[in-house]
1. Out of 247, 241, report the one residue that is at pLDDT 95 or above, farther than 30 Å from residue 447 by Cβ and either of a type outside the set (Phe, Trp, Tyr) or surrounded by 11 or more Cβ atoms within 10 Å (Cβ to Cβ) (or both).
2. Among 47, 92, 104, 99, which is the only one that is in contact with a Cys (Cβ under 8 Å, 6 or more places away or on another chain), at pLDDT 90 or above and part of a helix (DSSP H, G or I)?
3. Just for segment 473-485: of the residues that are within 22 Å of the chain's Cα centre (by Cα) and assigned to a loop (DSSP other than H, G, I, E, B), which one is surrounded by the fewest Cβ atoms within 10 Å (Cβ to Cβ)?
4. In this structure, is residue 268 of a type in the set (Ser, Thr, Tyr) and either closer than 30 Å to residue 447 by Cα or in contact with a Gly (Cβ under 7 Å, 6 or more places away or on another chain) (or both)?
5. Is it the case that segment 590-611 has a residue that's modelled with pLDDT of 95 or more, part of a helix (DSSP H, G or I), touching a strand residue (DSSP E or B) at 6+ places or on another chain (Cβ under 6 Å) and open to solvent by 10 Å² or more (accessible area, probe 1.4 Å)?
6. Give me the residue from segment 522-542 that is without any contact (Cβ under 8 Å) to a residue 40 or more places away in the chain and not in a helix (DSSP H, G or I) and, out of that set, most open to solvent (accessible area, probe 1.4 Å).
7. Pairs, please: C-beta under 9 Å, at least 6 apart or cross-chain, first residue under 13 Å from residue 579 (Cβ atoms) and in segment 624-652, second of a type in the set (Ser, Thr, Tyr) and not in a helix (DSSP H, G or I)?
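The values are calculated or read from the model by the stated rules, or taken from the named source; none is laboratory data. The model shown is predicted, which means the values in this text are computed figures rather than measured ones. Positions of Cβ are generated from backbone atoms using ideal geometry, with glycine treated the same way; all protein chains shown enter the neighbour counts. When the accessible area is computed, the model is the full protein with side chains, heavy atoms only, and any ligands, DNA or RNA have been set aside. Shrake-Rupley method; radii C 1.70, N 1.55, O 1.52, S 1.80 Å.
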Amino acid sequence: MTQLPANLALNPRLNRWVSIDGPDVITIRTGKVELGQGAVTAIAAIAARELGVDLADIHMQPTDTDSSPDEGYTAGSFSVEHGGSAMRWACAQVRELFAQRAQAVLGEGAIDVVAGVFTRSTRNEGLSYWDMAADVDLNRSSADLPPPQLRGGTIDAGLLRRLDLAGKLTGAAFIQDMTLPRMHYGRVLCGAHPRDRLVSFDNDKVAALSGVIAVVLDGSFMGVVARRDEQALRAIEVAARTAQWRREAELPETADPHDWIAALTPRSTTFLADDGPEPMAVLRHHAVYSRPFIAHASIGPSCAVAMWEADHVTVWSHSQGIHPLRGALARTLHLDKQQVRVIHAQGAGCYGHNGADDVALDAALLARAAKVPVMCQWTRADELSWSPFGAAMRVELQGALDAAGQIVEWQHAVWSPPHLARPGFGDGVNLLAAQQIDPPHPPGPPNEAPRPYGGGDRNAVPLYRLGKRGITHHLLPQGPLRSSALRSLGAHCNVFAIESFMDELAALAGIDPVEFRLRHLEEPRAEAVIRAAAKLSKWDPADRGGEGVGRGIGFSRYKNHGAYYAAVATVEVTDVITIKDVYGVLDAGEIIHRDGTINQVEGGVIQAASWTQKEQVPWTRDGFAVRSWDDYPILNFSEIPRIHTEIIELPGEAALGAGECAAGPIAAAIGNAIAHALGARARDMPLTFERIEAAINAL
């Protein structure tokens, strides 16, 4: 049997991916969704190239559980790497089926397809996909066909325009822009403390408000439906003022990960432990690093639309996993999967698990009670408090050097609560309202993606040659705040720690940080991006730093199988910390869309810089401390560094996911640059001026 790309093997029917519709339209269905990363445009371009049609002939159908292939989550930088490879193979097989039909009609000889028309060089006539659509059956399994001849190739950026931008620029692209006949508006009541459960509120007062058509109470889940959104919002404000809550547990006194992590009991796994004699070490070093909880902080709060028809429900959601969401909704609503349809609609950008899935269940519950279509949207306070956070982490490293300055021992231990608590991942439902209704559907036990991808242990294994190694992952239960997937998962903190530690060991050995890394590498592509980043930044090994000006480097291969990325950051420290420039070099194999790839990587640079310098989610005795933008500073436009990106293109190599590769290297490059500028190192993110000042005072 043919070895298919993984996502195609799970969805082998060709008509699940491609249908020939007319006139001059080919409908492409992908299980990957558009998050603002341009992936759907890249997949459309792959389909157009393999089919031999113009991109204008491609219609990308919104991802829909009724008709689209189930490709799980749009996550992990897998949209092009996995989704694109499946689409390429499926479209190439469709092209070859139509070529066979064209040959049967036009006669023997080489058949070519250009702009959707199949021709033979010795004849002037041709046949298009649409001419032959009735004669070619695509309701067949890809596994029953021979491996196709793939066209492949880089897409000319000058010919490729983002398919999602026109709607976004004209105010018609986002889920908040949707309207349905008879649609009403819903809001839900969320508490100010993660351990509070609703006891009571003034139902009569809320129900009497203008525009309110339904007040919904199920267990401690409470929401309203009104004719207009401002009426629903007003009703929730009244409910909040009259609400009584029962606190089931208190939060830890401090949000410092070093404190509250120590109070939890982990499930520990040592998954790499080299045997052998004790190394001949002359220098040993130990350091501990951390990051706090981090918010997604999407510009637009989470939103969903739900509509019931008898005992069937259709939900429009900006979830990153509409098929897993469908299963979680069916389980919570006590329906068969066939009774639930989820259609993707674009929302504010988010790389990970924010409140999109939660609000989808909110909308379904409200629409069922009110018996009208309902758009439900969270408030800014809801989004910044109740949306799952990127997990806080603690990383402890120990290393040893021999007399030649070579690393001969490396021990890495990481503690974190779950990085993957999405609907459909592991046991449990993992939807907020599912835990509030009566009877509740509790979340499953903490779980992580299997290695080599991992969750909290993602990128915990360096690519370097390190002598005797030991890697231990301490998976914690859910912590004080609810955590789940955030762009790069554990790689952000693990790579920050590893690359910071590499600089610290290099300093102990008296070796330039770039040279030190190269001495410990045996992978040419890894060496190439580090050398190229050093060259791009005009790295000077003789530069001793100090006087508030510094430069630092960071490197990793994302998940140890994705894109290679190395970056050099330059900083200036006065009464503020300024990232001046970032020089980044990427190797993502074959590049499908160069401009889109650069956008992805440079967007990752900016987000990682914001996490590393500014972002953290604290709490108080009263509960959530982050309720508005004033409580959660992010990198401003004026603070964005100059970004210089170089791509090492390798046509013919597998395309590697690039969307998350910058997170760890950028964090490390900034941390190393600050240490180079001041001679003092802060190891706890965010690297605020106060923490750096404390590191200086500790010298």
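1. Checking each option against the conditions leaves just 241.
2. Exactly one residue qualifies, and that residue is 47.
3. Of everything passing the filter in segment 473-485, 477 is surrounded by the fewest Cβ atoms within 10 Å (Cβ to Cβ).
4. Taking the combined requirement at face value, the residue satisfies it.
5. So far as segment 590-611 goes, yes, one or more of its residues are modelled with pLDDT of 95 or more, part of a helix (DSSP H, G or I), touching a strand residue (DSSP E or B) at 6+ places or on another chain (Cβ under 6 Å) and open to solvent by 10 Å² or more (accessible area, probe 1.4 Å).
6. Filtering segment 522-542 for residues that are without any contact (Cβ under 8 Å) to a residue 40 or more places away in the chain and not in a helix (DSSP H, G or I), the one most open to solvent (accessible area, probe 1.4 Å) comes out as 538.
7. As it stands, the answer is 639/578; 641/570; 641/578; 643/583; 644/537; 644/583, since those pairs meet every condition given.
Per-residue answers, yes or no, for (1) crowded, with 19+ Cβ neighbours inside 10 Å; (2) over 28 Å from residue 309 (Cβ atoms); (3) under 33 Å from the mean Cα position of the chain (by Cα); (4) of a type outside the set (Lys, Arg):
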residue: 185; (1), (2), (3), (4): yes, no, yes, yes
residue: 192; (1), (2), (3), (4): no, yes, yes, yes
residue: 205; (1), (2), (3), (4): no, yes, no, no
residue: 212; (1), (2), (3), (4): yes, no, no, yes
residue: 215; (1), (2), (3), (4): yes, no, no, yes
